[in-house]
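Worksheet for the structure shown next.
The values are calculated or read from the model by the stated rules, or taken from the named source; none is laboratory data. Note that the coordinates shown come from a computational prediction; the quantities given were computed from them, not determined experimentally. FYI the Cβ positions are ideal-geometry reconstructions off the backbone, even for glycines, and counts take in every protein chain you see.
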Amino acid sequence: MLALDSILRLDAKAIDYIIIALYFTFVLGIGYLAKRAVSNSLDFFLSGRSLPAWVTGLAFISANLGAIEIMGMSANGAQYGMPTVHYFWIGAIPAMLFLGVVMMPFYYGSKVRSVPEFMLRRFGKPAHLVNAISFALAQVLIAGVNLFLLATIVNVLLGWPIWLSVIIAAVIVLSYITLGGLSAAIYNEVLQFFVIVAALLPLTIVGLHKVGGWQGLVDKITADPKGGSTQLHAWPGTELSGFHNSFLSVIGLIFGLGFVLSFGYWTTNFVEVQRALASKNMSAARRTPIIGSFPKMFVPFIVIIPGMIAAVAVPDLQKYKQTGGGSVDYNDALLLLMRDLLPNGMLGLAITGLLASFMAGMAANLSSFNTVVTYDLIERYLIKDRDDAFYLRTGRWLTVGGTIVAIGTAAIASGYSNLMDYLQQLFSFFNAPLFATFILGMFWKRMTAAAGWIGLVSGTATAIVVFVLSENGVIDLPGQGASFVGAGAAFVVDILLSVVVSLVTKPKTDEELKGLVYSLTPKEDRSEAAQEGDHGWYRKPTLLAGISLALVVVLNVVFG
Amino acid sequence: MAAQEKKKAGAFDIRVVIAALIAIYGVVLTILGIIADPEEVDKAAGININLWGGIAMLVFAALFVLWARLRPIVVPVEKAAERAVRQDDE
């Protein structure tokens, strides 16, 4: 894949480079403009809690629309077909709606500045430290993955050396985040969203036209010996889950992917929650993930469908799917389609879209990393009670440090062939037990501080044990089955131990838990007083969430 | 309070920035589409994707500018003050 004269080399001309350069001019310009709005640390880390809901909503899904999502999901589309939509319709939307409707009032209402800080107020220092350190570690690792992918893509497409692409990408991300902080990251995520759509929508349209429209695609996949009609229906998705039994597969997808993995990721991951915390009031914060869910449910059509098209329309990839040989693999699906179908001009825009997505993924990791390390580790434990300017400076320097470490972790990422598997493992390590602890802590006031950290540590340990067992072949599940089982086991162990430990330790008083636990929070603190710009039925969070859920059910029925 | 004044002045409308970039892309692609030779059109399965993509982007950019015009960003004075109080609390 790293050969200098790759089969994937795109025939980029001057005009394509101009289009790419234009985008980066705008990216840096936004960093500069956002800098003028940064006057204290809250501006830098949480955009002064001032952004409108549509901006934070688009940033919410853009932060996740990184390299793994775009390349990984089109690769899954080429390999598994329609069942891949579960990563969106089952694996994202319900959790995003739950975050907006149920959990956001506690995050935004308690005025915490980060997810670990909520942990601190609910469970005290041990749980807080475990959470803050594991989160910071995960973000630097994932930033490295994003950086490495970005560099390999630039290398393959344009022929630049890997080390040069790594450094250029790192410098660009670094400059706009250190200048404008979270606002620069969020505004660039919104811009990135539109550029990605502008890049992938034409590709999908041309691709569909090429294979003879939707019916043509259906016919070709049905006729494909490695495809067949199971790849045209979302359910039961046995290939994807790794369970042979259809019933087990449906259960595995709903509980493993839909419940434990996805709720863990979307509701407790500070990268996502931070975008909502940056919004201007409670109503906008609750609407952030809910507004994000609408574009999110249509992303599969411009990511998975091109992958499916590539598997039947690009000869190189067709050969790979049938024989497993050749010089390309599923991860190249999108690139091959671009190479074969797009003329110069649109090609430059498509490359820009990919670069934008990789870079924004990394920016999201870094902007949440610097917040957690500054507020939750340095200000809380290491260097207390300094003036605000000190922490603002610290945040800027941490971004530099994080970037340098990410360049190092890029090397770790290069050791894994299937990046999707690698990240799923990371998520099940950190997020499934986190969700178990959060949800129990929010609804059961009896849960104690000791139960908080013991549950977290034991849950994470369980996920690691399952990971090791499946790596050694003791548990044999292909596809994503091992991740589902690992996350499920971590969740159950966390809940069980938390309950047992809570019953033998002393709980916090009701007064301390006000605003943090459901039954002890007055209803007016949990719901929003409508402010200017919040009126109108279409701005009611629960109603919007209902519409979104209904749409997802319809999509599942139509494509099931 | 000086910081608050500065923040209001610094509020820029991201919609206009997005529209500007997409509009530039729209113009470039439309021109490429008009001067495209038939060989390039054949590559994209017979669709002149630069032309149609370019036109669609120009329309999109116009709609975004229209939205920004109809619903400009307002920073209510009393809300800015309230925010300043909240920051002092922290």
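Checked against the criterion of being of a type in the set (A, V, I, L, M, F, W, C) and closer than 20 Å to A:Leu65 by Cα, the candidates A:Leu335, A:Leu341 yield just one match: A:Leu335. Taking the criterion of being out of contact with any Asp or Glu (no Cβ under 9 Å at 6 or more places or on another chain) and assigned to a loop (DSSP other than H, G, I, E, B), the residues of the stretch A:499-524 that qualify are A:Thr505, A:Lys506, A:Pro507, A:Lys508, A:Thr509, A:Asp510, A:Leu516, A:Thr521, A:Pro522.
Residue-wise test of (1) more than 14 Å from chain B (Cβ to nearest Cβ); (2) surrounded by 24 or more Cβ atoms within 10 Å (Cβ to Cβ).
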site	(1), (2)
A:Ala21	no, no
A:Ser39	no, no
A:Gly57	no, yes
A:Glu69	yes, no
A:Gly77	yes, yes
A:Val112	no, no
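A:Val156: part of a helix (DSSP H, G or I), crowded, with 24+ Cβ neighbours inside 10 Å and modelled with pLDDT under 85, yes or no? Answer is no for this residue. Taking first residues from the stretch A:430-443 that are of a type in the set (A, V, I, L, M) and partners that are crowded, with 24+ Cβ neighbours inside 10 Å and outside any helix (DSSP H, G or I), the Cβ contacts under 6 Å between residues at least 6 apart in sequence or on separate chains come to A:Leu440/A:Met447.
Name every residue in the stretch B:42-75 that is buried (at least 17 other Cβ atoms within 10 Å of the Cβ), more than 8 Å from chain A (Cβ to nearest Cβ) and not in a helix (DSSP H, G or I), in order of residue number. Answer for the stretch B:42-75, where residues must be buried (at least 17 other Cβ atoms within 10 Å of the Cβ), more than 8 Å from chain A (Cβ to nearest Cβ) and not in a helix (DSSP H, G or I): just B:Asn48. Residues in the stretch A:354-409 that are within 30 Å of A:Ile20 (Cα to Cα), crowded, with 24+ Cβ neighbours inside 10 Å and among the hydrophobic types (A, V, I, L, M, F, W, C): A:Leu354, A:Leu355, A:Ala356, A:Phe358, A:Met359, A:Ala360, A:Met362, A:Ala363, A:Ala364, A:Leu366, A:Phe369, A:Ala406.
Before we move on, is B:Ile24 within 7 Å of chain A (Cβ to nearest Cβ), under 17 Å from the mean Cα position of the chain (by Cα) and modelled with pLDDT of 90 or more? Criteria met by B:Ile24. Once the stretch A:168-197 is narrowed to residues that are free of Cβ contacts under 8 Å to residues at least 60 places away in the same chain and away from chain B (no Cβ under 13 Å), the residue that is nearest to A:Leu349 (Cα to Cα) is A:Ile168. Name the single residue that is farthest from the other protein chains (Cβ to nearest Cβ) among those in the stretch B:31-41 being loosely packed, with under 11 Cβ neighbours inside 10 Å and at pLDDT below 80. Per the criteria, the residue is B:Pro38.
Taking each residue of the stretch B:50-73 that is in contact (Cβ under 8 Å) with a residue 40 or more places away in the chain and looking for partners that are charged (D, E, K, R) and surrounded by 20 or more Cβ atoms within 10 Å (Cβ to Cβ) with beta-carbon atoms closer than 9 Å, six or more apart or interchain, yields B:Phe64/B:Arg15; B:Val65/B:Arg15; B:Trp67/B:Arg15; B:Ala68/B:Arg15; B:Ile73/B:Arg15. Using the structure shown, decide if A:Gly216 is in contact (Cβ under 8 Å) with a residue 24 or more places away in the chain, out of contact with any Phe, Trp or Tyr (no Cβ under 8 Å at 6 or more places or on another chain), within 14 Å of chain B (Cβ to nearest Cβ) and not hydrophobic (A, V, I, L, M, F, W, C). Spelling it out, it is not the case that A:Gly216 is in contact (Cβ under 8 Å) with a residue 24 or more places away in the chain, out of contact with any Phe, Trp or Tyr (no Cβ under 8 Å at 6 or more places or on another chain), within 14 Å of chain B (Cβ to nearest Cβ) and not hydrophobic (A, V, I, L, M, F, W, C).
Okay, residues lined up against (1) among the small types (Gly, Ala, Ser); (2) under 27 Å from A:Ser483 (Cα atoms); (3) more than 14 Å from chain B (Cβ to nearest Cβ); (4) without any contact (Cβ under 8 Å) to a residue 60 or more places away in the chain:
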site	(1), (2), (3), (4)
A:Ala34	yes, no, no, no
A:Ile61	no, yes, yes, no
A:Leu65	no, yes, yes, no
A:Gly72	yes, yes, yes, no
A:Gly81	yes, yes, yes, no
A:Pro94	no, yes, yes, no
